[in-house]
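Right, one structure below, let's go through it.
The values are calculated or read from the model by the stated rules, or taken from the named source; none is laboratory data. What you see is a predicted model; the values in this text were computed from it and never measured. Cβ: placed from backbone, ideal geometry, glycine included. Neighbour counts: every protein chain shown. We work out accessible area using only protein heavy atoms, side chains counted, and drop any ligands, DNA or RNA first. Shrake-Rupley method; radii C 1.70, N 1.55, O 1.52, S 1.80 Å.
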Amino acid sequence: MARMDYDPSSRVSFGCPDELLEALDEIADREDMNRSEKLRELVEKEVEAKGDLNEPQPIRPDDERLAEAYRMLHERASAPHKIKRRVKLETAKNKLYVNSTPKSAVLEEIIKPLKSMNYISVATGHENVWIVVPPMRYTDGEDVVEAGEKAAV
């Protein structure tokens, strides 16, 4: 029986597939929590991950894997000699591959989709293929704004 030791100011109800709830309950049990505690923890983590909602948010792909790859490319890209921020294709492959996306699949599953959505571009040099990473764009929820710019009220 679930504990009622938490007195929330609001309650939320939503539909969810049985299999997903069963998996959630198993995870919660392993962590010595009940379903409500685990859901509150997950909601709190999501809110923390999204940052201050009053500040402009980066525009990233909707797909979580592509959004994370885009963020990693931004962290890795540099602009030597005042040219465009870029990272070598081989370096990008090394940085972006994981068990679910082997190095041989990074180009097809990550680089090309980001390129087709205009988050990055690809440029060839004399010795290297470069992933060009333009400055991150931000939104206030409606319009594209400069980073740190407050939304007009």
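More than 17 Å from the chain's Cα centre (by Cα) and either exposed (fewer than 14 other Cβ atoms within 10 Å of the Cβ) or of a type outside the set (Gly, Ala, Ser) (or both): does that describe Leu96?
no
What's the number of the only condition in (1) open to solvent by 90 Å² or more (accessible area, probe 1.4 Å); (2) modelled with pLDDT of 90 or more; (3) more than 18 Å from Pro134 (Cα to Cα) that Lys45 fails to meet?
(2)
Looking at (1) farther than 30 Å from Ile120 by Cβ; (2) loosely packed, with under 11 Cβ neighbours inside 10 Å; (3) charged (D, E, K, R), find the lone condition where Asp29 falls short.
The number of the failed condition is (2).
Within 13 Å of the chain's Cα centre (by Cα), open to solvent by 70 Å² or more (accessible area, probe 1.4 Å), small (Gly, Ala, Ser) and at pLDDT below 90 - does that describe any residue in region 1-22?
No: zero hits.
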